[in-house]
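Have a look at the structure below, then the notes.
Derivation of every value follows stated rules applied to the coordinates shown; laboratory data play no part. What you see is a predicted model, and the numbers here were worked out from it, not measured in a lab. Counting neighbours? That spans all protein chains shown, and the Cβs are built from the backbone with ideal geometry, glycine included.
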């Protein structure tokens, strides 16, 4: 994490209430559950057999996203002057302008189609996050959220204050910066010094990459902004969370803040999930509003529905007497993550409770009021792959503008669930081809494959939660490359020349002639080096009849067969396996396929078929590819719970 990320966030005071001030207080910030709060709802029945029961279905349909200039102005004036919105600009033109500035990115309403999906009933809790950290700690040090140390182990925090002051003298945010630097070394707890547990509160102080890594570990993902809005707004077009039904209800009132339990300053803190009835969405999802901001998938702080709808609505805003108080559009930033839903701090900033409200932040930011809600697609393994790509995935082997074609993803997965419906184990394998194979306009397949003898060709990405047996690799994410059998004639000739030269007795250079200038020297060395070979390889006895291998990223690779090579998190090829006998062939578009079988040793063999366009210029010329991988686990038996496409 960047050493100044927390500092920058706090001092710049990002819009939409992304505040860390509460976390820096010297007193505990955990609020006791208010008397009379509703008890958490039991886990719902699974929407799809075999999937976690804490996920609730969101039906597919169209959802209206974004606001017109008139509706945004009305909502802003209601917040500034609830009793008399018509005089809001006279009461405080500066506040109207500020709220319009915070919300202007939502200009440009559009109806957007959303496919059916599953969404967690509540945000991720501290208890759920702790399960993840305990599992992750088995393979290395982990970072627990700041408040788990600050309030869960206040004894340790207090004991370290002199050290914190010494390390960050005069720095107001010293404790946060100290945690940022030493988090993996610090103890934690989920109970404050008064004995109150916050295990059932939403987890916060996690950044965008951590959120995606957590989601990937469960075969899930963050919802898209459109999906989140569908779950929050349903079939209506109301502006405020409480505004469904009669238009007269779709206005801002302080009574709504009271229903959300964020009107009083003493209530402005995280609450046990599922205990505020008014915060539920139309499909039964709890804490959609006014609890914690919820990160959504993807990056880019741009107009909510694109440039053209925004421009049209911006012109209307500028023609409005009140709207014209905002003279310039937002500063767009493509590297920002977004969060939705407002938070417990929205009682002081009610404009952030607009259903379309958005909170932009850096992907490395960790904030006291920002949490996570999980989503799940119905396609097996899709979310595992997507969340992995959203995290710290190494793209060194990708060409410029080359990406993974998630529309062609295929996979298999299975869950084991605890009594509470939360996963206790998740097994999956997922693959997707790249969106094109070559940057050339119209490559010939034969020449494209021949070129892989020198430079293997990236064909897709594989993610597995189960160790691989063929090739032998640990669970993880891998770029998959193809290398055609054999070697080019230039390498064969270079090895022949080099071996003959190195095997011949050394000759003393003539007077005035250097070794480098001697006849026959040097040319073959440059060629063999391009294939990862050394003089020692060329000088060996085996090279007399031609070498049977090349090296890729230092790994010795045989040349007798077509190979699939897997590149790991360091961007280097880590292992290889023989490619299926079925040769790559050029044809038309095809649907991806997956089959699960038992290999000769009884292990689980996954056979994939996928297509990728030969070039970026022509999506109809598709290369038909077959890929086989063997997992280091027994082949599944009937009733094992593995989900395949269409199941």
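Working note: Cα gyration tensor of the chain, eigenvalues times five, square-rooted, sorted largest first, giving semi-axes of 53, 28, 27 Å.
For a quick protection proxy, order the peptides 471-479, 291-299, 155-163 by their average other-Cβ count within 10 Å, most packed first. Numbers along the way, then the final one.
Working: 471-479: 18.1, 291-299: 25.1, 155-163: 13.1.
Those peptides, ordered most packed to least, come out 291-299, 471-479, 155-163.
Calculated on the alpha-carbon coordinates, the convex hull of region 210-309 measures out at 149 cubic angstrom per residue.
For the chain, the relative contact order works out to 14 percent when only alpha carbon pairs closer than 8 Å and six or more residues apart are counted. Across region 404-491, the mean sequence separation of Cα contacts (distance under 8 Å, 6 or more residues apart), normalised by length, yields a relative contact order of 26 percent.
Building the convex hull from the alpha-carbon atoms of region 406-471 and averaging its projection over directions returns 6.7 nm².
Between residue 398 and residue 451, the FRET efficiency estimated from the beta carbon spacing at R0 = 22 angstrom works out to 0.85. Computed from Cα atoms alone, the Kirkwood hydrodynamic radius reported for region 153-216 is 13.7 Å.
Apply 1/(1 + (r/R0)^6) to the Cβ-Cβ distance of residue 617 and residue 253, taking R0 = 60 Å, and write down the FRET efficiency to the nearest 0.05. Calculated transfer efficiency: 0.60.
Pairwise Cα distances in region 126-185 exceed 20 Å for 30 percent of all pairs. Residues 369, 97 in ascending order of nearby Cβ atoms (within 10 Å, fewest first): 97, 369. Working from Cα pairs under 8 Å separated by at least six residues, relative contact order for region 311-395 is 20 percent.
Can you compute the helix-only [θ] at 222 nm over the chain? Use -39500 (n - 2.57) per DSSP H run of at least 4 residues, normalise by all residues, nearest 500 deg cm²/dmol.
It comes out at -6500 deg cm²/dmol, rounded to the nearest 500.
Ordered by the number of other Cβ atoms lying within 10 Å of each residue's own Cβ, fewest first, 172, 560 fall into the sequence 560, 172. The Rg/Rh ratio for region 60-146, using Cα coordinates for both the radius of gyration and the Kirkwood hydrodynamic radius, is 1.24.
Kirkwood analysis of region 302-453, using all unique Cα-Cα pairs, places the hydrodynamic radius at 20.5 Å.
Our summary of shape: the Cα atoms of region 533-647 have principal axis extents of 57, 42, 29 Å, ordered from largest down, in whole angstrom.
Ranked for footprinting exposure by Cβ neighbours inside 10 Å, fewest first, 403, 86, 537 give 86, 403, 537. Taking the C-alpha atoms only, the angle from helix 126-136 to the longest principal axis of the chain is near 10 degrees.
At q = 0.23 Å⁻¹, what is the log10 ratio I(q)/I(0) for region 435-502, with the Debye formula run over Cα points and no solvent? Debye intensities relative to I(0), on a log10 scale: -0.98.
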